[in-house]
Amino acid sequence: MIYRHLIAPSRAFSQFSHDIIRHPRLSSDAVRLLTWQLSLPEGARESLSRTADRARIGAGAFGRAKRQLKEEGFVHERRVQGPGGLWSTQQLVSSTPLSAAEAAKLLAREPAAVSPQVVPGPREPAAGAPTTPPADGHPTQDFGENTSHQPPEPPASDEALALVAAFPALSPALRHIPRAMHAELAALTDRWLAAGHLPTAVRTHILRGLPEDGAPVHRPGGLLRYLLREVPPVRENTPGTPGTRGPRAASATSARLSALRECEGDHVQATLFRPVGDETRCTRCTRRTETPPTPTEPDRLTETPGQEGPPAPIVDAWTLPPSPFGSPPHPAAPGSPGDSPHSGWTRGAGRTAARCTTPSN
């Protein structure tokens, strides 16, 4: 059971149709926005957005409520251009639904209101002749790092570019260097070369900076940038010392590394060795070039040194024809007392092979 107690107000009230309050397609925010606008005094120019702010209706709810009111015909809008070229939006709020044609007739009766603040004032000519503002040139003051028109950096040398391109071959951890960082790394490497360091010293410095425990390097380009950022001074040394350029040493490394030299042989990676004299190849490369070739037929003999007469034919010891004296003899070991002049065998030069001769009767 519901009881209602209603007292008609004697002042500050508005008359609304029950169709607005009980509208089936209007939300509570739309009804509140419409009734608030209809309760304003005559001649008020309060916009719908201002009313939504005063009624504590959020931005999202205001957009939905305004869309519902426009779909039902309670709100109409149009854009007009008034005096001075200023565009403004006219809003029409009605207590009954209106069509677009009916709303256009009502809005045509109201002139476009223009705020006096935006009306252009009287034109006063400026003193002097008109001039055109300059559109070229650079600012006179030096902005330093704040300007984007910095002079381009000089290109790196070919030696530095070749050295950077060979960095991935130094270690598997440097295989994935971004191509976009090659120019920056070449500029840093060029500083090392300009200071007097040799490429060997640069590679040695990079190898010493890699992690020793085999930890993976996730950003090899950043690691190389960190290692090459600071250029150490070149240690003074005598001319002709390995790893020097002119009168200065290659790098300020330890005495143990300063005596090393890079091998000029064929290696996958740069190989350092400690020279005894003026050699330019390591012991492995030297031994590889000085080792005589091995014989291609180790089971055959050549002519015995000092033998007179024409050379006897060389045959395989295991494919001799059958002996005329019976069963084929077995070859005796070289130097054994079992050698016989009728055995049909002659000792060779140290291997189990022989020269076949025909015994005389």
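Quick note: the coordinates plus some simple rules give every number you see, no bench work behind them. Bear in mind that the values here come from a model prediction, so they are computed numbers and not experimental data. Backbone-built Cβ (ideal geometry, glycine too); neighbour counts: all protein chains shown.
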- line: Under the Karplus relation with 6.51, -1.76 and 1.60 and θ = phi - 60°, whole-Hz ³J(HN,Hα) for the stretch 57-68, x at Gly and Pro, equal 9, x, 5, x, 5, 5, x, 5, 5, 5, 5, 5
message: What are the ³J(HN,Hα) couplings of the stretch 105-110, residue after residue, when phi is run through the Karplus curve with 6.51, -1.76, 1.60 and θ = phi - 60°? Round to Hz, x for glycine and proline.
response: 5, 5, 6, 5, 6, 9
In the stretch 1-65, trypsin sites (Lys or Arg not before Pro) in a DSSP loop with at most 12 other beta-carbon atoms within 10 Å: Arg4, Arg11, Arg22, Arg25, Arg45, Arg56
- prompt: In the stretch 173-239, which trypsin sites (Lys or Arg not before Pro) fall in coil by DSSP and have 12 or fewer other Cβ atoms within 10 Å?
  reply: Arg175
- prompt: For the stretch 181-197, in order, what is each residue's ³J(HN,Hα) by Karplus, 6.51 cos²θ - 1.76 cosθ + 1.60 with θ = phi - 60°, in whole Hz (x at glycine and Pro)?
  reply: 9, 5, 5, 5, 5, 5, 5, 5, 5, 5, 5, 5, 5, 5, 7, x, 7
message: Test of the criteria: in the stretch 1-90, which chymotrypsin sites (Phe, Trp or Tyr not before Pro) are in a DSSP loop and have at most 15 other Cβ atoms within 10 angstrom of their Cβ?
response: Tyr3, Phe13, Phe16
